[in-house]
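Some notes on the structure that comes next.
All of the numbers you see were taken from the coordinates with simple rules; none came from a lab. Bear in mind the structure is a predicted one, so any value in this text is a computation, not a measurement. Note: ideal-geometry Cβ built from the backbone for every residue, glycine included; neighbour counts use all protein chains shown.
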Amino acid sequence: MSSDFDATEFVDGDFQAQKSPRSGAATGPGQPQRAPTRDEVDAKVAVAQQKLAELKRVQEELERERATLEETRRRQIEFQQGRQETIQHLTRGIGLLEEAEFNARRDAEQMSQALADMRDAQTKIQAINEEAWTRENFSVELTRALTTLENARMEWNSAQLKFPILSDTPQGTGPGSVNGKNSAPSLFDTYSFGDLCRLGFALTWPLAAVALAGLLILLAVLLRR
């Protein structure tokens, strides 16, 4: 059985080649490492460029995301401010329109009532028939007619006070009115300066003639003495 044993079966040829003196001298402890080859440097440069490109892509994505978020924030602020301002405007407008609507409805109701009263007064006046009066009822009918006329006049005056449109000219805007009060037109607004001079001469020359005559008489009396 001992003759069948072969020692070479337990020898690793690759391991023995790595333990050669040249190999041990190149990789042994205390020996300087070899310089990187160009291929290794190119490979590292390519890896660095790839990492930079990836970082640049990530940065661009973050910039786009930041711009999107800022636009969203701006729109949210615009919406909140616009909603608050719009609510304030609408609230104020609703209040003003409600008040105006109430006043308009009240004025319309008053106008409708005044219109009905004026029509009723007109009908009553037109219904007066003087030809149907007799000697016996003349005084009574006349009194009744005057009362009807006075009531109609009161309705008219009341309507004029309530509705300026019934007046011929708006108060305070007619000719010769100052601050709502009537005043006589000024002579300076009616006549020119030359007309005023002629008017003054026409008014004062009789007095000047009388004064001149008196002065002549006085001189004559003095000369006779």
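Each label was represented as a point 7 Å from its Cα along the Cα-to-Cβ direction; for residue 59 and residue 90 these points are 4.7 nm apart.
Applying 1/(1 + (r/R0)^6) with R0 = 35 Å to the Cβ-Cβ distance of residue 161 and residue 97 gives a FRET efficiency near 0.80.
Would you tally the net charge around residue 155, using a Cβ to Cβ cut-off of less than 13 Å, leaving residue 155 out, and scoring K and R as +1, D and E as -1?
Numbers: positive: 119, 124, 153, 162; negative: 117, 120, 150.
Net charge in that neighbourhood comes out at +1.
The slack in the chain from residue 150 to residue 78, taken as 0.36 nm per residue of separation less the alpha-carbon distance, amounts to 19.2 nm. Full extension of the chain between residue 219 and residue 106 yields a length gain of 32.3 nm, computed as 0.36 nm times the residue separation minus the alpha carbon distance.
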